[in-house]
Amino acid sequence: MSLHVNDLKVHYRTLRGDVHAIDGVTFSLEDGEIMGLVGESGCGKSTLGKSLIRLDSQMRHVGGTVELDGRGVPIADDDAMVPLRYHEVSLIPQYAMSALNPIRRIGRMIDELLRARGVRPADKADELRRRLELVGLEPDVLRRFPIELSGGMKQRVVMVLSTLLDPSLLIADEVTSALDVSTQRSVAESLVEFRDRGYVRSMVFVTHDVSLVYQIADTIMVMYAGHVAEKGPADSIVSEPRHPYTQMLLSALPEVGSTSGERLQGIPGTPPGLLDPPTGCRFRARCPMAFDKCAERPPLVETAPGHWSACWKTGGE
Amino acid sequence: MWRYMGRKLFVYALTFVVAVTINWMIPRFMPGDPVRSMLSRGSVSDPEALERMTAYYNEVFGLDAPLHEQYLSFWAGLFRGDLGISVMFYPEPVVDIILRAVPYTLALLVPAIVLSWIVGNHFGAFAARSKVLDNTILPAGYVLTATPYMWLALLMAWSLGIVAGVFPTAGGYSFALTPGANWEFVSSLIVHWFLPFLSMFVVALGGWAIGMRNMIIYELEDDYATYLRALGAPRRLVRRYAFRNAMLPQITGLAVQLGTIITGALLTEIVFNYPGLGTLVLDSLNNRDFFLLQGIFLFVVVGVLIANFVIDVVYVLIDPRTRVQMTGGSS
Ligand SMILES: Nc1ncnc2c1ncn2[C@@H]1O[C@H](COP(=O)(O)OP(=O)(O)OP(=O)(O)O)[C@@H](O)[C@H]1O
Ligand code: SF4
Ligand SMILES: [Mg+2]
């Protein structure tokens, strides 16, 4: 097993207090696993992704541990994280379209980054070209400036660049959100291809798009307001969701395969604020099945092999 | 690329024509008889000389001719390098007087602009790194940019010149010396140059430092910087990129600020009675020497246009984006 996250808590420090964006998240990732990470906007998906590679200045590691390939990941220690970044853990950020320095030719920027990370660019030159071709880009893009590329092309450049050192874990944050449907598909397929070829060992694929994640992910984890609601094999999450939130999330979908937006409108109410989150099950206010016991936080329990759910109705009794 | 430059040049040419036209209009459309008022203000005592001058100026002003002829002959004179003859220094041609003053002004302006820009940018980038520096440089910078050129110049003239007596406070060189290529004269030039230069340098410095500091902080928050840091890029690389990116708006800022800086230089010269164009403007105003005034304004306008053009070219050379857009594709 390659990644273990145990009771991770990461908060944002703000003037009004701590935002409990990740509040006790536990999950594991097998070698070769692509885990889709879904949940409403603001539930902490990006925060979880960032926590695994680099906390920004407002983020604070409050508790819990992360282990990658048997070694502890010192996520709170910025300097100790440096050797792991890029080499072991890498990221395709949510803002991939603007992730390239606008005034450097792409090839030169990549060379400079590689050299700064102790890798000789010449050693990677052939591999870089091969992978660019794999995602459908001419090696010629290396001689261009980012402004000369379309959004989808930049996205693919970042994909190749982020995975060039064959990291053990890749966090792909909303890599498809800004793309049209057919490009979405091809980007998602390229990521699967990267995994199949061993460019990345395992992957967290963050998205709003449950239907897309169903097609490429092995497992799906559903988050709700900083907690894990449910995690399990993609098939069983989609066909027999246990957690009431997952059920509502899926029934709110027009139908699997469609990609129109606003699919979460179907769940009445809004997620709780994370500045001062409610105790107990965070879904309680919106859950049609809520009962007395839900005032206590339900534990994440394995209800079937590899299928975890945090709900008093589905596992806790 | 050439199309772009061509378009720019056209705009500059147009600006030049407009400036010349306005310049031509000012004395002609001012109330009163320009020649009379000019000569009466000019301290001409010899009646015979006055007669000759009146005849000369009436002729060059060509006040009897139709306006368009006056206008055309003005342009014709301009192309011959003939800007008329000064009243104040009659019968010396305006061009000669100006050319004598220009080196002084340039010697102040060019080093002050270039050095304050370079030093200010590095200072600002440096300040963005450390809280302590940031907390001291930033307020100091704001005070400096808010300082009028004239005021700082006066302050320096008073403190370093009059009170401390370290530097002379007037003139371009000691009047006891005759200009020549000897060390004594050169050192006198330098000593007289220093205070006006310093006051201009210091005022401009604050603005560049603040601009750079703000730009760098902004750049360091930009997505490309965040991405590089996530991939473990060392601070050095991220800062280098941020500095390069932050320079571009600073170059544009230089073009925008040029007018202010030049005005500042003219005022500074007046404070230090430095024999450049600024002092000449004051003198010619006092003496109603319209020809000299016109000539100076033309020189200043041409200078600003040339400087702007140079900045344009530099910007294009430095920012790949404009370059790419101009060549229309990969290069
Ligand atoms: N810099 C910040 N300071 C304070 N709070 C923040 C900050 N960034 C995010 N948050 C809060 O943390 C929570 C989780 O944010 P996060 O970006 O992880 O959401 P997300 O699941 O990725 O949402 P989306 O799907 O919209 O990208 C949100 O409630 C958000 O308001
Ligand atoms: S624990 Fe209770 S409130 Fe939470 S999802 Fe289950 S039933 Fe609903
Ligand atoms: Mg997000």
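The values are calculated or read from the model by the stated rules, or taken from the named source; none is laboratory data. Model, not experiment: these values are computed from the prediction. Here the Cβ positions follow ideal geometry from the backbone for every residue, glycine too, while neighbour counts run over all protein chains shown.
Considering every residue within segment B:95-104, establish whether at least one is assigned to a helix (DSSP H, G or I), acidic (Asp, Glu) and surrounded by fewer than 21 Cβ atoms within 10 Å (Cβ to Cβ). There is at least one residue in segment B:95-104 that is assigned to a helix (DSSP H, G or I), acidic (Asp, Glu) and surrounded by fewer than 21 Cβ atoms within 10 Å (Cβ to Cβ). Consider segment A:263-292 and keep the residues that are at pLDDT 85 or above and over 25 Å from A:LEU8 (Cβ atoms). The one that is farthest from ligand 2 (Cβ to nearest atom) is A:ASP292. On inspection, B:LEU280 does not qualify as surrounded by fewer than 21 Cβ atoms within 10 Å (Cβ to Cβ) and of a type in the set (A, V, I, L, M).
Each row is one residue, and each column tells you yes or no for (1) within 16 Å of ligand 1 (Cβ to nearest atom); (2) of a type outside the set (Val, Ile, Thr).
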residue	(1), (2)
A:ALA178	yes, yes
A:SER186	no, yes
A:LEU191	no, yes
A:PHE194	no, yes
A:SER202	no, yes
A:ASP209	yes, yes
A:VAL213	yes, no
A:ILE216	no, no
A:ILE220	yes, no
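Residues that are away from every other protein chain (no Cβ under 11 Å) and assigned to a helix (DSSP H, G or I) within segment A:112-125 comprise A:PRO121, A:ALA122, A:ASP123, A:LYS124, A:ALA125, listed in sequence order.
So that you can scan it fast, the table gives a plain yes or no per residue for (1) assigned to a helix (DSSP H, G or I); (2) within 16 Å of ligand 3 (Cβ to nearest atom); (3) under 21 Å from A:LEU29 (Cα atoms):
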position: A:PRO272; (1), (2), (3): no, no, no
position: A:LEU275; (1), (2), (3): no, no, no
position: A:PRO288; (1), (2), (3): no, no, no
position: A:TRP308; (1), (2), (3): no, no, yes
position: A:THR314; (1), (2), (3): yes, no, no
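Scanning segment B:251-261 for residues that are within 13 Å of chain A (Cβ to nearest Cβ) and modelled with pLDDT of 85 or more turns up at least one hit. Contact annotation: residue pairs with Cβ atoms under 7 Å, 6 or more positions apart or on different chains, pairing a residue in segment A:201-212 that is hydroxyl-bearing (Ser, Thr, Tyr) with a partner that is modelled with pLDDT under 85 and surrounded by fewer than 23 Cβ atoms within 10 Å (Cβ to Cβ), are A:SER211/A:LEU253; A:SER211/A:VAL256; A:SER211/A:GLY257; A:SER211/A:SER258; A:SER211/A:THR259. Residues in segment A:221-237: is at least one touching a Leu at 6+ places or on another chain (Cβ under 8 Å), of a type in the set (Gly, Ala, Ser) and assigned by TED's automatic domain parsing to the domain that holds A:VAL19? Checking segment A:221-237: at least one residue is touching a Leu at 6+ places or on another chain (Cβ under 8 Å), of a type in the set (Gly, Ala, Ser) and assigned by TED's automatic domain parsing to the domain that holds A:VAL19. Residues in segment A:243-262: is at least one under 23 Å from A:PRO93 (Cβ atoms), within 16 Å of ligand 3 (Cβ to nearest atom), at pLDDT below 85 and away from chain B (no Cβ under 14 Å)? Yes, that holds for at least one residue.
Condition check for A:PRO102 on (1) over 26 Å from A:SER177 (Cα atoms); (2) facing another protein chain (nearest Cβ under 7 Å); (3) in contact (Cβ under 8 Å) with a residue 40 or more places away in the chain: one failure, at (1). Does A:PRO74 meet the test of being assigned to a loop (DSSP other than H, G, I, E, B), within 20 Å of the chain's Cα centre (by Cα) and not β-branched (Val, Ile, Thr)? The answer is yes for A:PRO74.
Residues considered: A:LEU91, A:LEU137, A:LEU128, A:LEU100. Of these, the only one that is away from ligand 2 (no atom under 16 Å from the Cβ) and either part of a helix (DSSP H, G or I) or exposed (fewer than 15 other Cβ atoms within 10 Å of the Cβ) (or both) is A:LEU128.
Condition check ((1) within 16 Å of ligand 3 (Cβ to nearest atom); (2) part of a loop (DSSP other than H, G, I, E, B); (3) closer than 22 Å to A:LEU274 by Cβ) across all residues:
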{"site": "A:LEU8", "(1), (2), (3)": "no, no, yes"}
{"site": "A:HIS11", "(1), (2), (3)": "no, no, yes"}
{"site": "A:ILE22", "(1), (2), (3)": "yes, no, yes"}
{"site": "A:THR26", "(1), (2), (3)": "no, no, yes"}
{"site": "A:THR47", "(1), (2), (3)": "yes, no, yes"}
{"site": "A:SER57", "(1), (2), (3)": "no, yes, yes"}
{"site": "A:VAL66", "(1), (2), (3)": "no, no, yes"}
{"site": "A:PRO83", "(1), (2), (3)": "no, yes, no"}
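Take the conditions farther than 24 Å from A:GLY198 by Cβ, touching a Pro at 6+ places or on another chain (Cβ under 6 Å) and more than 7 Å from every other protein chain (Cβ to nearest Cβ) and apply them to A:ALA76. Does it pass? So A:ALA76 fails the test.
Summed over segment A:33-88, residues that are farther than 30 Å from A:LEU249 by Cβ and among the hydroxyl-bearing types (Ser, Thr, Tyr) total 2. Give the number of residues within segment B:206-242 that are surrounded by fewer than 23 Cβ atoms within 10 Å (Cβ to Cβ), away from every other protein chain (no Cβ under 11 Å) and not small (Gly, Ala, Ser). Number satisfying all stated conditions: 5. A:THR219 fulfils the conditions (1) modelled with pLDDT under 95; (2) in contact with a strand residue (DSSP E or B) (Cβ under 6 Å, 6 or more places away or on another chain); (3) more than 14 Å from chain B (Cβ to nearest Cβ) except for a single criterion, (1).
Can you say whether A:ALA234 is under 16 Å from A:SER41 (Cβ atoms) and at pLDDT 85 or above, as far as the supplied structure shows? Break it down into steps so the answer makes sense when it comes.
Numbers: under 16 Å from A:SER41 (Cβ atoms): no; at pLDDT 85 or above: yes.
Considered against the rule, which asks whether it is under 16 Å from A:SER41 (Cβ atoms) and at pLDDT 85 or above, A:ALA234 comes out as no.
A count restricted to segment B:105-144 and to residues that are surrounded by fewer than 16 Cβ atoms within 10 Å (Cβ to Cβ) and outside any helix (DSSP H, G or I) stands at 2.
Out of all the residues in segment A:4-15, is one or more more than 10 Å from chain B (Cβ to nearest Cβ), away from ligand 2 (no atom under 16 Å from the Cβ) and more than 25 Å from A:PRO271 (Cβ to Cβ)? Yes: segment A:4-15 contains one or more residues that are more than 10 Å from chain B (Cβ to nearest Cβ), away from ligand 2 (no atom under 16 Å from the Cβ) and more than 25 Å from A:PRO271 (Cβ to Cβ).
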